[in-house]
Amino acid sequence: MNDLIWLIPAFPLAGFLFLVVFGRRLGEPLAGWLATAAVAGSFAASVATFIALQGETVHERAYTVTLWEWLPVGGFQVDFGFLADPLSITMCLFVTGIATLIHLYSIGYMHGDPKFSKFFLYLNLFVFSMLMLVLGDNMLITFLGWEGVGACSYFLISFWHTDDANASAGKKAFVTNRIGDFGFMVAIFFTFAALGTINYTGIVAASPSLATTTATVIAAMLFLGACGKSAQLPLYVWLPDAMAGPTPVSALIHAATMVTGGVYLLARMNPVIAEAASWVPWMIAIVGALTALFAATIAVAQNDIKKVLAYSTVSQLGFMFLAIGSGAYVAALFHMITHAFFKGLLFLGSGSVIHGMEGEQDMRRMGGLFKKMPITAVTFMVGWLAIAGFPFFAGFFSKDEILLFAFDKSPVLWGIGMVAALLTGFYMTRQVIMVFFGKPRWDRPLEEAVPELHAEREAAGIHPGHGAGPTGEIHPHESPWTMTLPLIVLGPLALLGGWLNSAFWDKGKFLEHWLEPVIEFGEHHLVAPTSEKILLGVGATLMGLIGMAAAWFVYAKNKGEAKDKIELKVLLKGWYYDSSIAAFMGGPGRKGFDAIAWFDKHIIDGAVNGVASVVKVSSDKGRTVQTGYVRNYALGLLVGAILVAFFILTKAVY
Amino acid sequence: MMLAASMGSEPYLILGAILFTMGAVGLLVRRNALVMFMCVELMLNAVNLSFVALSRELDDLGGQIAVFFVLVVAAAEVVVGLGIIVSIFRRRQGATADDLSVLKG
């Protein structure tokens, strides 16, 4: 069975190729079903591989399948091969599993879209790229998938590209990711230069011999790459904008693919990080903690249902980086999996709400939707409890574990993480109350129901379309079964996903035992007494509950009267981070770029063009030598012959 | 034979030089393609004469072999050259070489 690992990426690739050729002819909904089947096949292959790996002993659980020689260049040998080990198969399982649900969901969500089949074509390509990223047995194949998800995110974020904002959101994602890609590339170069191989098995075997400086550079560069892909400070800016795409795409990017790539890469390269100077893990932990807090504060003040979730993703990814920096690779991957469950659920739920609200995304226009959309509401609330860390829901286990390790690393980082956890509870509760409870704000025309939003939109000239619903009365309705089924499947996963690695008894740590052979090099082992662990766990849970209670107090009990004190403008605008970059790039930055452009145009191009014009002028003169008269040439020959004869005679060659 | 054998190489070489100069000057001053062609032949044969004379002087058959090569090449050249000249005659009136300067730079 393990020789058939290649089937995992082959299914979505086949689906993609088939849709390229026949997609338009298949049309709706057949193209969607085909794409869903392709990813489902990939999921089945992942499950089969998982079962086969289970049957092996712990240290035999790694298979490399080389399909062909890819780049044999002297000493640089790269094979096109896949590596199936506990880490990559874990990733495959949840990537394909959640992607299947998202595909199914999209059939309902994209109903009636003129580019229906094209959407599924991109989705399949996206999943294929992600699987290449995860399954590649060397850094170059991972990089191939890395770039692939970047390109696909560009296609999908700007899927409705006739809207200017969507098109530039896609560009933003692409360009920001490029900065991270640079880091990853440099890391590949250094790895090859230092170890002579970029195969993961080779890297693991040779990493103890790495010099500290080299390992530090590689780890730092990998971290830069991961920062871009996994949206950490300062490169997070693309992710909140990435919600410009259709909601299933947001779910795919935020939950299953793309952003998890950075976390995966760092976990995969943990032997190198273990060899690096100690400031690299510190930097990872600090950046992670700050991102978690920073994004959580922004999420508190957002009004767009998807923006709250987008900043929440940035914040949760910060938690994962905090875990990696603290040496808690298992906790990071554990949180990544539970996050995939509940964030996928939340995004799909928000899509269902938007679908039911006829395209309206502003939460100020919602409220009281619980009765209108019961399935969406109940499943969404499961996701809410999971992300907020409510006891025994998925996020409870994974977040507490991260905070446990963070406390061991540094109480300050732990403190930041605790505040972020509190804010998580707060903004998610705020969202649930604004969307599903309270008085409906959609049963009257916009002008009457939410005058401030109406005024805002009038001022900005926003008309009904993507993101803005109708101005008249809205009639919310529950979504079709293709959309609710994924919610119903993800609900229990978000509820029970935490038991994958339950901290309550040692045997319950399935994930830790499963991943052990891959991450044993960098994994930090806690030595704290059990009582301390329990205390910290209770503390972290309390923080989440306090946040939830505070939000309930502000938004439900006092009907949002005090909300202006919390939803500060600076938070709504995301600390002006985005607009500062825009202002800088538009002002002083622009002048710098203009200067560079001038230099390029006049100095660089001038040198090149100067050489060309010198040649042109001299050859213009030179061509007059060619008169076209035969006798002139004959004279030239004769003179030449005489000169040669003269030379031979005078120099007396003989 | 006795007379020829007693003679040195100088008269032959001098004659060859005179013929070569005539050919070269003719090539440069005449405009008729046919005459220029004949001048070229004259130069070739002047060189042939020198070859043969020196071959005898140095008692080396290499010179005579070279002459055969020159004769063969000259014959081939005549075929091509005359062909070109004939086709020029057909297209234009006269065969003035200076009219044919379309390859001017």
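The values are calculated or read from the model by the stated rules, or taken from the named source; none is laboratory data. In this text the structure is predicted, and so the values were computed from the model without any measurement. A quick note on method: Cβ atoms are made from the backbone with ideal geometry, for glycine too, and the neighbour counts reach across all protein chains shown.
Values computed for the structure shown
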| read-out | value |
| --- | --- |
| In segment A:434-457, the residues that are at pLDDT 85 or above and surrounded by 21 or more Cβ atoms within 10 Å (Cβ to Cβ) | A:Met434, A:Val435, A:Phe436 |
| Index of the failed condition, B:Gly8 passing every other in (1) without any contact (Cβ under 8 Å) to a residue 60 or more places away in the chain; (2) in a helix (DSSP H, G or I) | (2) |
| In segment A:364-414, the residues that are farther than 22 Å from A:Leu348 by Cβ, modelled with pLDDT of 90 or more and of a type in the set (Val, Ile, Thr) | A:Val412 |
| A:Pro86 at pLDDT below 90 and closer than 15 Å to A:Val518 by Cα | yes |
| Residue in segment B:67-77 that is within 14 Å of chain A (Cβ to nearest Cβ) and either touching an Asp or Glu at 6+ places or on another chain (Cβ under 7 Å) or surrounded by 11 or more Cβ atoms within 10 Å (Cβ to Cβ) (or both) present | no |
| Where a residue in segment A:350-372 is in the same structural domain as A:Val450 (by TED's automatic domain parsing) and its partner, wherever it lies, is among the hydroxyl-bearing types (Ser, Thr, Tyr) and at pLDDT below 85, with Cβ under 6 Å and at least six apart | none |
| A:Ile416 being out of contact with any Asp or Glu (no Cβ under 7 Å at 6 or more places or on another chain) and assigned to a loop (DSSP other than H, G, I, E, B) | no |
| Boolean, B:Met43 is within 17 Å of A:Leu635 (Cα to Cα), surrounded by 14 or more Cβ atoms within 10 Å (Cβ to Cβ), at pLDDT 90 or above and within 14 Å of another protein chain (Cβ to nearest Cβ) | yes |
| For A:Thr142: the one exception among (1) surrounded by fewer than 20 Cβ atoms within 10 Å (Cβ to Cβ); (2) closer than 21 Å to A:His254 by Cβ | (1) |
| Answer from A:Pro529, A:Pro486, A:Pro476 - the residue that is surrounded by fewer than 18 Cβ atoms within 10 Å (Cβ to Cβ) and not polar (S, T, N, Q) | A:Pro529 |
| Residues of segment B:89-99 that turn out to be within 14 Å of chain A (Cβ to nearest Cβ) and either aromatic (Phe, Trp, Tyr) or free of Cβ contacts under 8 Å to residues at least 40 places away in the same chain (or both), as a count | 1 |
| Answer from A:Thr96, A:Thr66, A:Thr57 - the residue that is under 24 Å from A:His339 (Cβ atoms) and of a type outside the set (A, V, I, L, M) | A:Thr96 |
| So A:Lys601, is it within 42 Å of the chain's Cα centre (by Cα) and part of a helix (DSSP H, G or I) | yes |
| Residue in segment B:78-88 that is touching a Leu at 6+ places or on another chain (Cβ under 8 Å), within 14 Å of chain A (Cβ to nearest Cβ) and in a helix (DSSP H, G or I) present | yes |
| Long-range neighbours under 6 Å by Cβ, at least six apart or interchain, first residue more than 7 Å from chain B (Cβ to nearest Cβ) within segment A:626-641, second assigned to a loop (DSSP other than H, G, I, E, B) and exposed (fewer than 13 other Cβ atoms within 10 Å of the Cβ) | none |
| Residue within segment B:50-59 that is away from every other protein chain (no Cβ under 14 Å), acidic (Asp, Glu) and not in a helix (DSSP H, G or I) present | yes |
| Enumeration of residues in segment A:317-339 that are within 12 Å of A:Val287 (Cα to Cα) and either without any contact (Cβ under 8 Å) to a residue 24 or more places away in the chain or not in a helix (DSSP H, G or I) (or both) | A:Ser326 |
| Subset of segment A:276-286 (residues that are assigned to a helix (DSSP H, G or I) and buried (at least 21 other Cβ atoms within 10 Å of the Cβ)) | A:Val280, A:Pro281, A:Ile284, A:Ala285 |
| Considering residues of segment A:152-167 that are free of Cβ contacts under 8 Å to residues at least 40 places away in the same chain and assigned to a helix (DSSP H, G or I) only, the residue surrounded by the fewest Cβ atoms within 10 Å (Cβ to Cβ) | A:Asp164 |
| Enumeration of residues in segment B:48-61 that are in contact with a Phe, Trp or Tyr (Cβ under 9 Å, 6 or more places away or on another chain) and without any contact (Cβ under 8 Å) to a residue 40 or more places away in the chain | B:Leu49, B:Ser50 |
| Number of the condition not met by A:Ser618 [criteria: (1) within 14 Å of another protein chain (Cβ to nearest Cβ); (2) at pLDDT below 90] | (2) |
| Which numbered condition A:Trp499 misses (of (1) hydrophobic (A, V, I, L, M, F, W, C); (2) within 19 Å of A:Gln54 (Cβ to Cβ); (3) modelled with pLDDT under 80) | (3) |
| Helices (runs of 4 or more DSSP H) wholly inside segment A:185-268 that include at least 2 residues being at negative phi and surrounded by fewer than 20 Cβ atoms within 10 Å (Cβ to Cβ) | A:200-206, A:212-229 |
| Failed item in (1) of a type in the set (Phe, Trp, Tyr); (2) over 26 Å from A:Leu346 (Cα atoms); (3) in contact (Cβ under 8 Å) with a residue 40 or more places away in the chain, with A:Phe504 passing the rest | (3) |
| Residue within segment B:62-76 that is in contact (Cβ under 8 Å) with a residue 40 or more places away in the chain and among the aliphatic types (A, V, I, L, M) present | no |
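Quick grid of which residues meet (1) under 19 Å from A:Asn177 (Cα atoms); (2) of a type in the set (Phe, Trp, Tyr); (3) at pLDDT below 90:
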residue: A:Leu252; (1), (2), (3): yes, no, yes
residue: A:Thr260; (1), (2), (3): yes, no, yes
residue: A:Pro271; (1), (2), (3): no, no, yes
residue: A:Ala277; (1), (2), (3): no, no, yes
residue: A:Leu290; (1), (2), (3): no, no, no
residue: A:Ala296; (1), (2), (3): no, no, no
residue: A:Ala301; (1), (2), (3): no, no, yes
residue: A:Val314; (1), (2), (3): yes, no, no
residue: A:Gly327; (1), (2), (3): no, no, yes
